[in-house]
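Q: Can you keep this structure in mind? I'll have questions shortly.
The values are calculated or read from the model by the stated rules, or taken from the named source; none is laboratory data. These numbers were taken from a predicted model, which means no experiment stands behind them. Every residue, glycine as well, gets a Cβ built from its backbone with ideal geometry; the counts of neighbours run over all protein chains shown. Side chains are part of the model used for accessible areas, which takes the heavy atoms of the whole protein and leaves out ligands, DNA and RNA. Shrake-Rupley method; radii C 1.70, N 1.55, O 1.52, S 1.80 Å.
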Amino acid sequence: MTSVKDINSWIMKTLIKNGLIYDGTGDKPYEGDILIKDDRIVEIRPSDDVGNSNQLGYSGEGWSADFVFYADHKAVTPGFIDSHRHCDIAAVADPNFGEIELAQGITTVLGGNCGLAPFPYIEGTGQQMLDFIEPVLGKAPEWMKYASYPEYMADLEAANPYINVGQMIGTGAVKTAVKGFGKSPYTRSEMDKAKGYLREAMEAGAFGISTGIMYIPECHSTTAELTELIKSVAEYKRMLTFHIRGEGDSLVSSVEEVLSIGRDAEVPINISHFKSVGIENWQQTIYQAIDKIEEARASGQDVSVDFYPYTGGSTTLMSLLPPSVQETDIKDTLRNISTLEGAKLLKKEINRKHDGWDNTALNIGWDRIIISYVTKPTNKDFVGDNIQDLAHKNGYEDPIDFFRELLIEEQGKVGVIQMSMDQHDVDTIAKLPYSMVISDSLYGNADSPHPRLFGSFPRIIQEFVYKRKILSLETAINKMTQMTAERFHIDRRGTLAVGNYADINIFDPQRLKDMASYKKPKKLSVGLEMAFIDGRLVWNDNKITKAYRAGAIRHK
Ligand SMILES: [Zn+2]
């Protein structure tokens, strides 16, 4: 018997034999062998197609290898890539980071999504920013105060996580660093400062720029301001990802807005967690939004979308507060709504539709909004229940009063799951040839996180390939590998090809399963037999080997 330690310290040549190779391109699978030398794939030999083998790098000579793994006709795929995890803090601070991901076959992740990030940390606004992102990214340790993208990356490199971790720069975090959560537009000098942060991140290898136009402070930004900011780094041609302004009533105009930003700034864009929220919008608005995207694509614009395989979303309870009751400082907002007058105003504002802002509580109802994260031990019992039920159980006549008091008591640090989507809409998006798979994982130390944290990628295969037969397996894998690697320029990953890094999964597709549900969300996925990163065995026998640390990656 060879131990895992031996395998990784002595690695020279590794042979994966008799696999059913899904190479990530979306092409039909073929039986074959893969030879790995050090961290790269050096040869791929189809077992029944010698005539076609030159282009695949077959030397025609006999192969020798130090280690041979028999795939027994199971699927051999590229390591999955999740470009949308809110893992910025976890990747640096959690020594076990990578296990939840590897169980799903995810070997590469990107953080810094939706405009949110724990940096740039500036004295004065920094703590408020960390409080604001806590339900999404988790609690930052006391020592975590990165002044810039390069500082963060240096620590990520030192943490050296078990999987590949890249990072984007969030324009929401940048705006907060430059001017706090205020409503006013950038002044000339503030705009220059913000541009400086972006440029610095581009130079240091950021995989993209993310915006969170739905969140404070960017919900106060105009299209023109966002365009000017992005235009300043257009020359880098990095992906610009959007958490758009509204995903409900204003979905179509919000999509039009980001299309125009991409067009005017001349950068490739991606719409994050593309969806249609709100019961009245189901099976309608999404088609109008798709029409807009396809018109843009037909005219030559570079646009993609991504989605996760659930009908429930997850966000902060603060995001349900209408902008009309939000102040520059979160503390002021909470102080205002704690007065009699403020409470009255809130009730009025949350019971009406707003121009340019989607009122999710009104659109889906309090019974579809489930508490998933609180900080106070006395509130822990709320987790897992919806706001309507909680209000009744706790003697409130109007759920808005419960909502308001919880926000005040928790100082805004509440996470929620919103059952806001329609399955048919999600399926429609899954079928789009330009949609990628993501998880949108939140790392708020939730007792009850959204199950997408533990299960998104296997769930795509179980639900969309086998159960509802919406995608072929090769198409699903393409959406989890090559498509993402190409969009974000993740160097030599995402396909099984000669010269690429040997990031490889081996599994029986019928058995790779998500176990996490809304009721029991913290369950690792099962069924991944082996995973390799850079040619090293990182997952074996249903567990992480911890024998190799893949570490930070940068845009090249
Ligand atoms: Zn988002």
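Q: Leaving out ligands, DNA and RNA, what percent of the accessible area of region 356-442 is carbon and sulfur, probe 1.4 Å? Each step should come with its number before you reach the end.
A: On the way: 1400 of 3110 Å².
After summing per-atom areas, the C and S share lands at 45 percent.
Q: Additional query: Please work out the Cα center distance from region 91-141 to region 343-380, rounded to the nearest Å.
A: Region 91-141 and region 343-380 have Cα centres separated by 25 Å.
Q: Going toward the positive end of the dipole of region 115-274, with +1 on Lys and Arg Cβ and -1 on Asp and Glu Cβ, which of I213, A173, L226 do you reach last?
A: It is L226, whose Cα lies furthest towards the positive end.
Q: Additional query: In nm, to one decimal, how far is the modelled label at R40 from the one at M419, with both set 7 Å along Cα→Cβ?
A: Taking the two extended label points, one gets 5.2 nm.
Q: Oh, and also: Per residue, how much accessible area does the chain show when a 1.4 Å probe rolls over the protein heavy atoms, in square angstrom?
A: 37
Q: Additional query: Relative to the Cα centre, what is the charge dipole magnitude of the chain, using +1 at the beta carbon of each Lys and Arg, -1 at the beta carbon of each Asp and Glu, and rounding to the nearest 20 debye? Spell out each step's value before the answer.
A: Numbers: 61 positive and 77 negative charges, 92 e Å.
The dipole of the chain has a size of about 440 debye.
Q: OK, next. Given R₀ = 30 Å, FRET efficiency for T339-H392 by Cβ-Cβ distance, to 0.05? Please report the intermediate quantities before stating the final value.
A: On the way: r = 25 Å, r/R0 = 0.84.
Plugging the Cβ-Cβ distance into 1/(1 + (r/R0)^6) gives 0.75.
Q: May I ask you to list the lysines whose Cα is less than 28 Å away from that of K13, ignoring any residue fewer than eight positions away on the same chain?
A: K13 reaches K5, K28, K37, K74, K543, K546, K556.
Q: Another question, then. Going highest first, how would you order 294-300, 536-542 by mean Cβ packing within 10 Å?
A: Working: 294-300: 12.0, 536-542: 19.1.
Most protected by this proxy first, the peptides run 536-542, 294-300.
Q: What part of the accessible area of region 470-530, given as a whole %, is carbon or sulfur when the probe is 1.4 angstrom? Write out the running numbers ahead of the final one.
A: Working: 1190 of 2410 Å².
Carbon and sulfur atoms account for 49 percent of the accessible area of region 470-530.
Q: Would you mind telling me the share, in percent, of accessible area of region 283-347 contributed by carbon and sulfur at probe 1.4 angstrom?
A: On the way: 1330 of 2850 Å².
Carbon plus sulfur share of accessible area: 47 percent.
Q: Using the Cα centre as the reference, give the magnitude of the dipole from point charges on the C-beta atoms of region 313-441 (Lys, Arg: +1; Asp, Glu: -1; all else neutral), rounded to the nearest 20 debye. Please report the intermediate quantities before stating the final value.
A: Details: 14 positive and 21 negative charges, 28 e Å.
Magnitude of the dipole: close to 140 debye.
Q: With θ set to phi - 60° and the Karplus curve 6.51 cos²θ - 1.76 cosθ + 1.60, what are the ³J(HN,Hα) couplings of region 488-502 in order, to the nearest whole Hz, using x for Gly and Pro?
A: 9, 6, 7, 4, 6, 9, x, 9, 8, 8, 4, x, 7, 4, 7
Q: Shifting gears a bit: Can you give the helix-only mean residue ellipticity at 222 nm for the chain, where every DSSP H stretch with n ≥ 4 adds -39500 (n - 2.57) and the sum goes over all residues, rounded to the nearest 500 deg cm²/dmol? Before the final figure, lay out each step's value.
A: On the way: 19 runs with 176 residues, N = 556.
Result for the chain, helices only: -9000 deg cm²/dmol.
Q: Once you keep just the Cα pairs under 8 angstrom separated by 6 or more residues, what percentage relative contact order results for the chain?
A: Values: 1297 pairs, mean separation 118.2, N = 556.
Reported as a whole number, the value is 21 percent.
Q: Hey, any idea what the orientation-averaged projected area of the convex hull of the chain's Cα atoms comes to, in nm²? It would help to have the intermediate numbers written out before the result.
A: Details: hull surface 99.2 nm².
Mean projected area of the Cα convex hull: 24.8 nm².
Q: Among 454-461, 401-408, what's the highest-first ranking by average C-beta atoms within 10 angstrom per residue?
A: On the way: 454-461: 27.5, 401-408: 20.1.
Ranking, from highest mean packing down: 454-461, 401-408.
Q: What's the magnitude of the charge dipole for region 208-319 around its Cα centre, counting Lys and Arg as +1 and Asp and Glu as -1 at the beta-carbon? Answer in Debye, nearest 20.
A: Values: 8 positive and 16 negative charges, 52 e Å.
Using only the charged Cβ atoms, the result is roughly 260 debye.
Q: Here's a follow-up. Please name which of Y373, A361, S525 has its Cα lying farthest along the dipole of the chain towards the positive end, using unit charges on Cβ (Lys, Arg +1; Asp, Glu -1) and the Cα centre as origin.
A: Checked the options; the winner is S525.
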